[in-house]
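The values are calculated or read from the model by the stated rules, or taken from the named source; none is laboratory data. This structure is a prediction, so every number in the text was calculated from the model and none was measured. Neighbour counts run over all protein chains shown; Cβ positions are idealised from the backbone, glycine included.
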Amino acid sequence: MDQVSELVYRAVAVDGRPGRIFGGQVMAQSLAAAGQTVQPDQHPHMLHARFAGPGDPARPLEFTLDPIDDGGSVSRRRVVVTQGDKQVLELSTSFHRDESGPEHQALTASSSSPDAVPSVDDLPPYDERTRQWWARLNTWLPVEIRSNVIPGRWAAPGAGPAEPRQQMWLRTRDALPDDRLTHSCAAAYASDLFLLTAAMVRHGVRHDDSGVFAVTLNHTMWFHHPFRADHWWLYDQEGVWTGAGRSLCRGQMFDRSGRLVATSMQEGLLRVRDGGPRTPPPRLPAAERTVHPVPSRGARAESERSTCTCR
């Protein structure tokens, strides 16, 4: 990311996704730009992003900052992302200096461990289209994923309503530096992965189904505790509501000890032409496919520190 002037930065798409820029990348870059304008002991605790339109990966992005205010412990920033005269995203974020106080969390994490969960690369795909979809995704995805299901693809089309919930373990493929802002930006990036599909699986629809149009309208994230995005962390996603051509999904991020480190909420458009999904695709032979159950929420994981080494 290059600094053009005091409050303007410029960057290019770096994830290699063809056709359009991944929304999580623009959120992460916006947060990184905003973080350059606050005190070193202030850290992001909230962001809200409104997606205005798709970004072109062949053109640079310009990030214009508005330093809304600097209080005693909280600083607020607004970032407008454009390509030429076209707005791509508008992000509001707030930074806070950590303080002491009471703590609790109402939610608990799954009792599973990433060591006991297979890589998504090793899961048999439900159908040939899923195989091709995952191969394309893997060409630009900068995170490793372990899950008992293929996110957003595990519900068989036409099989009836499914529980709108999925879990996965993630970590960045590369080791990251120690500064807290970098890990917050990596978490913001990953928070956009598969989140809308948690609601879509309830209705047996996928992004690449004919007659289905699903895009993010806005995304909000709260950062609760510092954690390393290059160590395994659990992303628990749930589709909490669908209706009126929209869907609302919630994501909870836990470290390996079961501590809640971040929360995300995402609203998107979900339009299904003619009131239903397309005809189910041809299936792979039975011997080549496996149906994986949705992981259930268990007791809070035993407290432990990550001992994994980052690749």
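Results for (1) at pLDDT 90 or above; (2) out of contact with any strand residue (DSSP E or B) (no Cβ under 7 Å at 6 or more places or on another chain), shown as yes or no for each residue.
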residue: ASP127; (1), (2): no, no
residue: GLY160; (1), (2): no, yes
residue: ARG165; (1), (2): yes, no
residue: ARG171; (1), (2): yes, no
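Return the only residue of ARG77, ARG146 being at pLDDT 95 or above, within 19 Å of LEU195 (Cα to Cα) and touching a Pro at 6+ places or on another chain (Cβ under 7 Å).
Details: ARG77 fails: within 19 Å of LEU195 (Cα to Cα).
Criteria check complete, one pass: ARG146.
Is it the case, given these coordinates, that GLY258 is out of contact with any Gly (no Cβ under 6 Å at 6 or more places or on another chain), without any contact (Cβ under 8 Å) to a residue 40 or more places away in the chain and small (Gly, Ala, Ser)? Give the steps one after another, and end with the answer.
On the way: out of contact with any Gly (no Cβ under 6 Å at 6 or more places or on another chain): yes; without any contact (Cβ under 8 Å) to a residue 40 or more places away in the chain: no; small (Gly, Ala, Ser): yes.
No; evaluated as a whole, the condition is false for this residue.
Looking at ILE145, is it crowded, with 20+ Cβ neighbours inside 10 Å, touching a residue at least 24 places away in the same chain (Cβ under 8 Å) and either more than 14 Å from the chain's Cα centre (by Cα) or part of a loop (DSSP other than H, G, I, E, B) (or both)? Walk me through it before giving the result.
Values: crowded, with 20+ Cβ neighbours inside 10 Å: yes; touching a residue at least 24 places away in the same chain (Cβ under 8 Å): yes; either more than 14 Å from the chain's Cα centre (by Cα) or part of a loop (DSSP other than H, G, I, E, B) (or both): no.
Taking the combined requirement at face value, the residue does not satisfy it.
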Quick check on THR197: is it β-branched (Val, Ile, Thr), buried (at least 21 other Cβ atoms within 10 Å of the Cβ) and more than 22 Å from GLY268 (Cα to Cα)? no
Of all residues in region 26-57 being free of Cβ contacts under 8 Å to residues at least 40 places away in the same chain and farther than 19 Å from ASP192 by Cα, which is surrounded by the most Cβ atoms within 10 Å (Cβ to Cβ)? GLN36
Got a number for residues in region 61-86 being loosely packed, with under 15 Cβ neighbours inside 10 Å and not charged (D, E, K, R)? 6
Checking the conditions here, which among HIS225, HIS231, HIS207 is farther than 16 Å from VAL143 by Cβ, modelled with pLDDT of 95 or more and assigned to a loop (DSSP other than H, G, I, E, B)? HIS225
